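Taking it in order: structure first as structure tokens, then the write-up.
Nothing in this text is a laboratory measurement; each read-out follows from the coordinates by a stated rule. Please read all numbers here as calculations on a predicted model, not as lab measurements.
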Amino acid sequence: MHEIDSVCRFAALAALPINVFPDETTILKFRHWLEKHNLTAILLNATNILSKFWRSFCQ
């Protein structure tokens, strides 16, 4: 159970410094790449599944 608490704390993005996030150009290039390869819906579904999974452990 201790490991789950560590992962939950690690996953808290609000605790990260602002400079670790990509800039707008990088985000847009990634978005366009996802759209070009029809991966947008797949990534969104995977993100939602993982989010629900982690929330169940972090409650």
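For the range 21-28, the Karplus equation 6.51 cos²θ - 1.76 cosθ + 1.60, evaluated at θ = phi - 60°, returns couplings of 8, x, 6, 4, 4, 5, 4, 5 Hz by residue, with Gly and Pro reported as x. Between the amide H of residue 58 and any residue lying 5 or more places away or on another chain, no distance stays under 5 Å, with hydrogens modeled in the peptide plane.
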